[in-house]
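Here's the structure, in structure tokens; my notes come after.
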Amino acid sequence: MPATKGSADVPLSPIYQGPLPYVTAVERVPVTVYEQPGDASRAVAREIADLVTSRAASGKPTVLGLATGSTPVGVYDELIRLHREEGVSFRSVVTFNLDEYWPMRPDALQSYHRFMREHLFDHVDVPVDSIHIPDGTLARADVPASCVRYEEKIREAGGIDLQLLGIGRTGHIGFNEPGSSVDSRTRLITLDSVTRSDAASDFFGEWNVPRQAITMGVGSILSARRVVLLAFGEHKAPIVRRAVEEPPTSTVSASALQQHADARFVLDRAAAARLTRFESPWVLGPLDAVGLEWSAALARKAVIWLALTLGKPILKLTDEDYNEHGLQDLLSKRGRAYDLNIEVFRAMQDTITGWPGGKRGEPRRVRGVAPADAAGRAAEFPKRVVVFSPHPDDDVISMGGTFIRLCEQGHEVHVAYQTSGNIAVWDESADRHIDFVEEFCRTFDVGTIVSPGERSPGEIADRIRSFLRTKGAGTVDIPELQAVKGLIRRTEARAAARYSGVQADHIHFLDLPFYETGRVRKKPIGPDDVALTVALLEAVRPHQVYAAGDLSDPHGTHRVCLEAVLAALRALADRDWARACEVWLYRGAWQEWEPHEIDMAVPLAPDEVLRKRMAIFKHESQKDRALFPGPTDPREFWQRAEDRNRDTARLYDRLGLPEYEAIEGFVLLPDATRAGVGR
Ligand code: F6R
């Protein structure tokens, strides 16, 4: 079922509304999937508004159970819009929030009291007395009684009509970590290490994350009359699959929703990607029965899946292999295994190129839908290339090998660092650099005499140091310290780009304003962000753009940075060069594209892997951070990058393609995304 384009406030129709026949066997709870998180958020906000409005019309209050975290923000934004623009009133609403860290002051940056005020309550007309959020300021001895009281208040309000949930990577709902029983009630709980590491950036370091939280129990959640669980992004896909398709277990609290009469998972495509319905729909029965067709891309996915499942190279797959693994349908449409094997093998082979910018004098081979090459630019050599890097190190971490190759092969390579990355520098690192500046000034006897009105380096250093002495955990840095941290990242980025072969005047720092809040929470993308991106693109007029394509990270910096690039390209859509410009997406430090998605695979030789590693090493301040990444993945960035690139190479090898040391994968930006469908 193709998605249809919707206006800003009309949600697109879901791409999947389950369970459908065949799928019922594996999906144990109803699931609705939208193409983009925004579509899902608007649909859920509309559902909440309709419930509130219809109950209010018959004089009844609505009791809402609310969640915090990055996921429900889009729903709250839409509720605010519905209130402001469509006059939806929330005066009849009573709210109960799921949880709060303990201990936690309500005005702290990370407090869920503050979160709810900033994201919803300050902007709608829910009466203050109707708002309930667990109290993080209580003395430990008072917590149990207050939890009992919280449950009583929910009952007195008539019980929860609609409970909104997110899901943690541990499968928690609320803060019900693995092991929470289905009849647990509001209580103090110790947070799982995965949850604390996920919260680390909100607290400027994992060691600042409270160890405990007060949370409604799984039983409290199951008592709600309707439950809607939202999950967005590829990082949620594995736990969503466990919660939806595996038997209920207290190890995955969200799986308890399987036993609720009116619970629903609302997902974007990325969070749904691991559901059998999307990952290997052919095992459920003939594709047309689940509303799908055998496109070339799906056939590729199926053949790769079959080869990996059986541990056989593509060219050795037999008719029997297809028939016995749910691919009879595909096989009968294409005739024989031989033809299918060759088709997919060639398609994969065509992705491999050691010349990402193309070769002089040779037509360019691009798999997938090449953008309209209006000016015949695909064959031009050398190419002008812009590598967009959301943070100052994504360029070398995610595509360092390709970056170095493009420079070495004679292309005019520009790199644009989109944000300053200043919040990701530890205080100790800033302190050491200030020490350096002071020593420098003393050694060369500079900076002591300053003009009236100017500050000496010593004064600035003193101010930063006195701030650092009293700085509480998770406090926003003063502007001087933010600037020093930004400079540290800027100089590291310049060192890495120079090392990779980029000319000094081709290194650009955009410092996009959306990022400059001093907090993890960013501003939405604005016209200034787009204008800065447009100006750079116009100055370079690139043949190729590389950008971070973590498309499904709903509030992350990478996503906003990609939006800025896409908005800029749209603004330049009347220029021939912009229309013909190839836009290649790389994945961030954490994940690679799926093999069937990769349109360009750039192999790296062993010495190129080492050079990439050296480029990543220039980001010293980030090495410091990687010492505390949380117990979920103790690897440093260079290790993640190498492991990921080696895994891709191993995968190609297992499919029977050439065996390389490492491979960097890229996806050509789909035309629909480029044109803005489904934003
Ligand atoms: C929030 C809560 C948590 C979050 C979950 C997902 O009140 O209790 O269960 O819903 O940790 O967090 P995000 O949405 O930030 O991925």
Around Lys612 (Cβ within 14 Å, Cβ-to-Cβ, excluding Lys612; K/R +1, D/E -1) the net charge comes to -4
With R₀ set to 30 angstrom, the calculated FRET efficiency between the beta-carbons of Trp590 and Val128, to the nearest 0.05, is 0.15
Checking rank on 101-112, 335-346, with mean other Cβ inside 10 Å and highest first, the result is 101-112, 335-346
Given the candidates His235, Ser130, Leu51, the one whose Cα lies deepest towards the positive end of the charge dipole of the chain, counting +1 at each Lys or Arg C-beta and -1 at each Asp or Glu C-beta, is Leu51
Any aspartates and glutamates whose Cα falls less than 16 Å from that of Lys522, other than same-chain ones fewer than 8 residues away, would be Asp77, Glu118, Asp202, Asp477, Asp511, Asp553, Glu563
TM-like helix rule applied to the chain (DSSP H, alpha carbon span at least 18 Å on the long axis, mean Kyte-Doolittle at least -1.0) gives 37-57, 73-86, 143-156, 296-310, 394-408, 427-443, 457-470, 479-500, 527-540, 557-571
The farthest towards the positive end of the charge dipole of the range 26-277, of the residues Ala261, Thr186, Gly168, given +1 on Cβ of Lys and Arg and -1 on Cβ of Asp and Glu, is Ala261
In whole percents, the bins of 10 Å from zero upward hold the Cα-Cα pairs of the chain as 3, 14, 23, 25, 20, 11, 4, 1, 0
Between Thr318 and Asp647, the FRET efficiency computed from the C-beta separation at R0 = 41 Å comes out, to the nearest 0.05, as 0.95
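Write down the accessible area per residue of the range 413-498 in Å², having rolled a 1.4 Å probe over the full set of protein chains. Numbers along the way, then the final one.
Numbers: 4520 Å² over 86 residues.
Heavy-atom accessible area per residue stands at 53 Å².
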For the range 282-349, the dipole about the Cα centre with charges only on Cβ (Lys and Arg +1, Asp and Glu -1), to the nearest 20 debye, works out at 280
Per residue, accessible area of the range 26-277 with a 1.4 Å probe, heavy atoms of protein chains only, in Å², comes to 36
Measure of exposure for Asp643: accessible area at 1.4 Å probe, Å² rounded to 10, is 60
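Quick one: with all protein chains in place, what share of the accessible area of the range 26-277 is carbon or sulfur, to the nearest percent (1.4 Å probe)? Each step should come with its number before you reach the end.
Details: 4620 of 9120 Å².
Carbon and sulfur: 51 percent of the exposed surface of the range 26-277.
Quick one: putting +1 on the C-beta of Lys and Arg, -1 on the C-beta of Asp and Glu, what dipole do you get for the chain around its Cα centre, in Debye to the nearest 20?
I would put it at about 360 debye.
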Summing +1 per Lys or Arg and -1 per Asp or Glu among the other residues with Cβ less than 13 Å from Gly335's Cβ gives -1
For 191-204, 137-150, ranked highest to lowest by mean beta-carbon neighbours within 10 Å, the order is 191-204, 137-150
Whole-number value, in Å³ per residue, for the convex hull of the alpha carbons of the range 26-277 is 116
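The values are calculated or read from the model by the stated rules, or taken from the named source; none is laboratory data. Keep in mind that what you see is a predicted model, and the values were worked out from it rather than measured. Methodologically, a virtual Cβ is constructed for each residue, glycine included, from the backbone with ideal geometry; neighbour enumeration extends over all protein chains shown. Just the protein is used for accessible areas: all its heavy atoms, side chains included, with ligands, DNA and RNA removed. Shrake-Rupley method; radii C 1.70, N 1.55, O 1.52, S 1.80 Å.
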